[in-house]
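The values are calculated or read from the model by the stated rules, or taken from the named source; none is laboratory data. Model, not experiment: these values are computed from the prediction. Backbone-built Cβ (ideal geometry, glycine too); neighbour counts: all protein chains shown.
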Amino acid sequence: MASPRALALLLASWLLPVSAAAQPAPSLPPRPGAPTSPAGVSAAQVQAALNERPVLRLMLLNLSLREVLRAGTVKLTPNTALKLRILLAPLSSGATLRPDTAGQTVTNLLAALTPEQRRAVEGNMQSREDRARMLASQTRIAGTAGPVSGVQAVLYLLVPGGRSVVDRLGRQDDLNPYRSNAANTDILSSLLELLK
C-alpha cells in the first residue's frame with residue numbers, strides 16, 4: 001500500500017498545469033566580460049580568412065593530405081609522391097615562410113594531384129572546417145582583450161597548433177610554423193615519411 005505522502009505527491013503532480021511544466025527555464029544574460037559563443041560563422045567567412053592568411057591554409061592542406069594518405073583514401077603514383085616531396089621539403093628548412101610562398105605552395109600541391117585526389121583532400125578540409133564551425137558555435141573562447149571573433153575561434157579549432165600558432169602568425173605573418181610549432185613539425189615530417 002502506498003503511503004499517504006506518496007499519494008499526495010502523485011495527486012499534486014496531476015494537478016499541475018501542463019503549460020507550466022512545458023515552459024523553459026528563464027535564461028540569464030551573460031555576465032559582463034564573459035566570453036560568448038561565436039555562432040553563425042559561415043563557410044564563406046572561414047574561406048575568406050584562409051585566403052587572407054595562406055600559411056593557415058597550407059597547414060590545413062598538409063594536415064588533410066596526411067590524413068587521406070594515412071587512411072588510404074588517396075593513393076599516389078611514385079611520380080606524384082616525388083613531386084609532393086619536392087614541394088614540401090623546403091618547408092622544414094626555411095627560417096621564415098612568407099604568405100606568398102605558402103599560397104604558391106598550396107597552388108602547386110593541389111595542381112600535382114589528380115581531380116579525384118584533389119576532391120578527397122578538399123573534402124577532408126571541408127569536413128574539418130564544418131566540424132570546427134560547429135564546435136566554435138558551442139564553445140566560449142575568451143581573448144586577452146575580451147571575446148574573440150567567431151572566425152578567429154573557428155581558426156583556433158581548425159588549424160594545427162591552434163590558438164598559439166594562429167595568434168603568432170597574426171603578429172608575424174612570415175613565421176614558419178613547420179619550424180616553430182611542434183604539431184606542424186610533426187605533421188610535415190609524418191607527411192614526408194608517407195610520401196617516401
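Which one is surrounded by the fewest Cβ atoms within 10 Å (Cβ to Cβ), of the residues in segment 157-176 that are within 16 Å of the chain's Cα centre (by Cα) and closer than 15 Å to residue 58 by Cα? It would help to see each step written out before you state the result.
Step one: filter segment 157-176 for residues within 16 Å of the chain's Cα centre (by Cα), giving 157-167, 169.
Imposing the further condition that a residue be closer than 15 Å to residue 58 by Cα reduces the set to 158-162, 165-166, 169.
Details: 158: 25, 159: 28, 160: 20, 161: 22, 162: 14, 165: 23, 166: 23, 169: 24.
Checked segment 157-176; the qualifying residue surrounded by the fewest Cβ atoms within 10 Å (Cβ to Cβ) is 162.
Would you say residue 167 is touching a Ser or Thr at 6+ places or on another chain (Cβ under 8 Å), among the acidic types (Asp, Glu) and at pLDDT 90 or above? Spell out how you get there, then give the answer.
On the way: touching a Ser or Thr at 6+ places or on another chain (Cβ under 8 Å): no; among the acidic types (Asp, Glu): yes; at pLDDT 90 or above: yes.
In short, no.
Which of the following residues is in contact with a Gly (Cβ under 8 Å, 6 or more places away or on another chain) and either modelled with pLDDT of 95 or more or charged (D, E, K, R) (or both): 98, 118, 57, 85?
Details: 98 fails: in contact with a Gly (Cβ under 8 Å, 6 or more places away or on another chain); 118 fails: in contact with a Gly (Cβ under 8 Å, 6 or more places away or on another chain); 85 fails: in contact with a Gly (Cβ under 8 Å, 6 or more places away or on another chain).
Sole residue among the options that is in contact with a Gly (Cβ under 8 Å, 6 or more places away or on another chain) and either modelled with pLDDT of 95 or more or charged (D, E, K, R) (or both): 57.
Let me spell it out: the conditions are (1) of a type in the set (A, V, I, L, M); (2) buried (at least 16 other Cβ atoms within 10 Å of the Cβ); (3) assigned to a helix (DSSP H, G or I), and residue 134 meets all of them except one. Which number is the exception?
With respect to (1) of a type in the set (A, V, I, L, M); (2) buried (at least 16 other Cβ atoms within 10 Å of the Cβ); (3) assigned to a helix (DSSP H, G or I), residue 134 is out only on (2).
Here are the criteria: (1) at pLDDT 95 or above; (2) in contact with a helix residue (DSSP H, G or I) (Cβ under 7 Å, 6 or more places away or on another chain); (3) closer than 22 Å to residue 52 by Cβ. Tell me which single one residue 104 does not satisfy.
All conditions pass for residue 104, except number (2).
Which residues, counting only those in segment 111-120, are in a helix (DSSP H, G or I) and closer than 16 Å to residue 192 by Cα? First the steps, then the outcome.
Going residue by residue through segment 111-120, those that are in a helix (DSSP H, G or I) are 111-112, 115-120.
Matches in segment 111-120: 112 only.
Mind counting the residues in segment 69-99 that are outside any helix (DSSP H, G or I), buried (at least 16 other Cβ atoms within 10 Å of the Cβ) and within 22 Å of the chain's Cα centre (by Cα)? Even if it seems obvious, please write down each step before you answer.
Step one: list which residues in segment 69-99 are outside any helix (DSSP H, G or I), which gives 72-77, 93-98.
In the following step, the residues that additionally are buried (at least 16 other Cβ atoms within 10 Å of the Cβ) were identified as 74, 76, 97.
Retained after the next criterion (residues that are within 22 Å of the chain's Cα centre (by Cα)): 74, 97.
Looking only at that region, the number is 2.
For segment 177-196, give me each residue that is buried (at least 17 other Cβ atoms within 10 Å of the Cβ), of a type in the set (S, T, N, Q) and in a helix (DSSP H, G or I).
Result: 180, 184, 185.
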